[in-house]
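S.K.: Sharing a structure with you now.
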Amino acid sequence: MVQSPPKLITVDEFITNYGDSDCYELIDGELTEMEPTGPHEQVSGFLGRKVNVEIDRLDLPYFIPPRCLIKLLGTSTAFRPDVLVLDETRLINEPLWQQEPVITSGSSIKLIAEVVSTNWQNDYARKVEDYALLGVPEYWIVDYLGIGGREYIGKPKQPTVTICTLQEDEYQKQLFQNGDRLISSIFPDLQLTAQQIFAAGRSAAM
């Protein structure tokens, strides 16, 4: 039996039909189901809480929207990051923001964090390229299970946070493991270790 190829949809169709659902992203016109586990959501929530505390402490004009899409202009792709830090002062330039929580410009974004799950290839490869092209200044890949490829997190594989910092149009990557304190260009005084993040994903099993 020959399977027919999946029906491709546009970003506008995706926003209309799935914009309010946290279960899907759109990659090259194909609907991609997101299947986060409980520990995945614990790690995302922990990260968001820690970053929000730092935003509040420094009284920065940033915030983390609970539901937001990133639309890549000129493509059929829309990502739904686990943690997204936006600059309120830039939203006036976002053409869709008043109608939909959709971001189209990297200048509106301060930081994106993706918590790695079974589709880790997207986080380590595809999104690295697309977020760099968009101009996102800092991208965190939070692999609390250590399931990414050895070419990304080393051998033996272990839980790793990769912080990608944009230099010109490419990301420079730094890996953090165990008790390493994260080094962020957006939040340089953030007191957070890789191990603290990983522990958030293990607390459900305790």
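The values are calculated or read from the model by the stated rules, or taken from the named source; none is laboratory data. Remember, predicted model here, so these are calculated numbers, not experimental data. Backbone-built Cβ (ideal geometry, glycine too); neighbour counts: all protein chains shown.
S.K.: Do we have any residue at all in the stretch 31-47 that's under 16 Å from T118 (Cβ atoms), assigned to a helix (DSSP H, G or I) and hydrophobic (A, V, I, L, M, F, W, C)?
M.R.: Start the filter on the stretch 31-47 by keeping residues that are under 16 Å from T118 (Cβ atoms), which leaves 32-41, 43-44.
Adding the requirement that they be assigned to a helix (DSSP H, G or I) leaves 38-41, 43-44.
Add one more test, that the residue is hydrophobic (A, V, I, L, M, F, W, C), and what stays is 43.
Among the residues of the stretch 31-47, at least one is under 16 Å from T118 (Cβ atoms), assigned to a helix (DSSP H, G or I) and hydrophobic (A, V, I, L, M, F, W, C), which makes the answer yes.
S.K.: Follow-up. Which count do you get for residues in the stretch 128-143 that are touching a Lys or Arg at 6+ places or on another chain (Cβ under 8 Å) and either of a type in the set (G, A, S) or touching a residue at least 40 places away in the same chain (Cβ under 8 Å) (or both)?
M.R.: Adding up the residues that qualify gives 2.
S.K.: Among (1) of a type outside the set (D, E); (2) in contact with a strand residue (DSSP E or B) (Cβ under 8 Å, 6 or more places away or on another chain); (3) surrounded by 14 or more Cβ atoms within 10 Å (Cβ to Cβ), where does P39 come up short?
M.R.: Of everything listed in (1) of a type outside the set (D, E); (2) in contact with a strand residue (DSSP E or B) (Cβ under 8 Å, 6 or more places away or on another chain); (3) surrounded by 14 or more Cβ atoms within 10 Å (Cβ to Cβ), P39 misses just condition (2).
S.K.: Also, I was wondering about something else. Looking at the stretch 73-101 only, could you name the residues that are under 17 Å from A113 (Cα atoms) and either over 18 Å from the mean Cα position of the chain (by Cα) or outside any loop (DSSP other than H, G, I, E, B) (or both)?
M.R.: Across the stretch 73-101, the qualifying residues are A78, F79, V83, L84, V85, L86, D87.
S.K.: A further question follows. Kindly check whether there is at least one residue in the stretch 55-68 that is in a loop (DSSP other than H, G, I, E, B), among the basic types (K, R) and modelled with pLDDT under 95.
M.R.: Yes, some residue in the stretch 55-68 is in a loop (DSSP other than H, G, I, E, B), among the basic types (K, R) and modelled with pLDDT under 95.
S.K.: From L91, L166, L175, L134, grab the single residue that is among the aliphatic types (A, V, I, L, M), modelled with pLDDT of 95 or more and either surrounded by 19 or more Cβ atoms within 10 Å (Cβ to Cβ) or on the phi > 0 side of the Ramachandran plot (or both).
M.R.: After applying the criteria, what remains is L134.
S.K.: Then there's this: Restricting the search to the stretch 105-131, which residues are crowded, with 19+ Cβ neighbours inside 10 Å and not in a helix (DSSP H, G or I)?
M.R.: Selection gives I109, K110, L111, I112, A113, E114, V115, V116, S117.
S.K.: Another question about this same structure. Being in contact (Cβ under 8 Å) with a residue 40 or more places away in the chain and not hydrophobic (A, V, I, L, M, F, W, C) is the filter; apply it to the stretch 46-75 and report the residue that is surrounded by the fewest Cβ atoms within 10 Å (Cβ to Cβ).
M.R.: Across the stretch 46-75, the extreme among qualifying residues is R67.
S.K.: Just give me the residues in the stretch 178-189 being of a type outside the set (G, A, S), in contact with an Asp or Glu (Cβ under 9 Å, 6 or more places away or on another chain) and surrounded by 12 or more Cβ atoms within 10 Å (Cβ to Cβ), in sequence order. Spell out the reasoning first.
M.R.: Looking only at the stretch 178-189, we keep the residues that are of a type outside the set (G, A, S), and these are 178, 180-183, 186-189.
Within this subset, residues satisfying the condition of being in contact with an Asp or Glu (Cβ under 9 Å, 6 or more places away or on another chain) are 186-187, 189.
Correct list: I186, F187.
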